[in-house]
Amino acid sequence: MKRLFVIFLVLLLAITGCTSDTATEGPEIAEETDNNDLQEEVIEEIFEEDEIEEAVETPIEEAEENLYTEEKEEEKEPLVAETPAYEDLTEAERTETEVDETNNLKIKGLVEKELSLTLDQLKEMDIIFEADFYSLNNFGTTGYTHFKGVKLWNLLKEKALIREEASKISIVAHDGYTVEFTVEDVQREYIDETDPTTKYPMIIAWEENGEEYSPSEGAPYKLVVGQKEPGDINKPKWVSNIDVILVE
């Protein structure tokens, strides 16, 4: 806007000068000179010397185009936006900035080593167990299901290094469903009431009847536990989509 004003002023003074030239001659040359001096003084008050030359020498169309470009550049936002601090992010934005551990099996609480394990890491462990587990639900329905996974007590004792003062272990699903056991419950062996001589550990399974759980359907882990004694209803304790094993 400043440049446009000067261009207009220069043109106005120039037109005034031309009119003066047409109307007067001879002795009034001195007055024309004074008028030109006045033009220069006014311009110098507004611009530095290099800006005067640019304003006078630049064609009007080019000057207007430059002015429009400069105004647009002033309106532009910086090319590199300032990265907001982590605490200023929304919950959704924080989630995007963190490593995705949604489908990891997490062990927290009274352990020497809190863990966040991938399915591949579990598969490489030397504590794998598989067998046909007998189940009984609240409606009296029974059945056998073949599971493959890792022994829960060995996972806590050998990998997470459970502390001696721990007394309770909670298995928490992503939807919040939780079952609780004492440390002794997790340590013990379980039975099949149709064959009491068979012993089963409590396991975290990733495979059921020969098929692995799909990560697209949630965390691919299920708690599987046998019966404490004949008639023990054990199937409600089979927690799917395990998120956290909490040791307290």
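The values are calculated or read from the model by the stated rules, or taken from the named source; none is laboratory data. On a predicted model such as this, the values are computed, not experimentally measured, just so you know. FYI the Cβ positions are ideal-geometry reconstructions off the backbone, even for glycines, and counts take in every protein chain you see.
Quick notes
- Residues in the stretch 190-243 that are of a type in the set (Val, Ile, Thr) and either part of a helix (DSSP H, G or I) or over 43 Å from the mean Cα position of the chain (by Cα) (or both): Ile191, Thr194, Thr197, Thr198.
- Filtering the stretch 142-159 to residues that are loosely packed, with under 15 Cβ neighbours inside 10 Å and without any contact (Cβ under 8 Å) to a residue 40 or more places away in the chain leaves Thr142, Gly143, Tyr144, Glu158.
- Lone qualifier among Asp132, Asp120 - being surrounded by fewer than 18 Cβ atoms within 10 Å (Cβ to Cβ), more than 30 Å from the chain's Cα centre (by Cα) and either in a loop (DSSP other than H, G, I, E, B) or assigned by TED's automatic domain parsing to the domain that holds Trp238 (or both): Asp132
- Filter result for Ile233 (in contact with a Phe, Trp or Tyr (Cβ under 6 Å, 6 or more places away or on another chain), over 17 Å from Asp175 (Cα atoms), at pLDDT 95 or above and not charged (D, E, K, R)): no
- As a summary of the residue check, Asp175 satisfies the conditions (1) over 33 Å from the mean Cα position of the chain (by Cα); (2) not in a strand (DSSP E or B) except for the one numbered (1).
- Condition check for Tyr177: without any contact (Cβ under 8 Å) to a residue 40 or more places away in the chain and either of a type in the set (A, V, I, L, M) or more than 24 Å from Glu112 (Cβ to Cβ) (or both): no
- With respect to (1) over 30 Å from Lys113 (Cβ atoms); (2) exposed (fewer than 12 other Cβ atoms within 10 Å of the Cβ); (3) modelled with pLDDT of 95 or more, the lone exception for Glu164 is condition (1).
Matching residues to (1) in the same structural domain as Thr178 (by TED's automatic domain parsing); (2) of a type in the set (S, T, N, Q); (3) in contact with a His (Cβ under 8 Å, 6 or more places away or on another chain):
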residue	(1), (2), (3)
Pro196	yes, no, no
Tyr200	yes, no, no
Ile203	yes, no, no
Glu208	yes, no, yes
Glu211	yes, no, no
Ser216	yes, yes, no
Lys222	yes, no, no
Gly226	yes, no, no
Pro230	yes, no, no
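- Flag for Asn103 being among the polar types (S, T, N, Q), assigned to a loop (DSSP other than H, G, I, E, B) and at pLDDT 95 or above: no
- Residue in the stretch 178-187 that is assigned to a loop (DSSP other than H, G, I, E, B), at pLDDT 95 or above and in the same structural domain as Ile128 (by TED's automatic domain parsing) present: no
- Of all the listed residues (Glu184, Glu189), the sole one being of a type in the set (Asp, Glu) and free of Cβ contacts under 8 Å to residues at least 12 places away in the same chain is Glu184.
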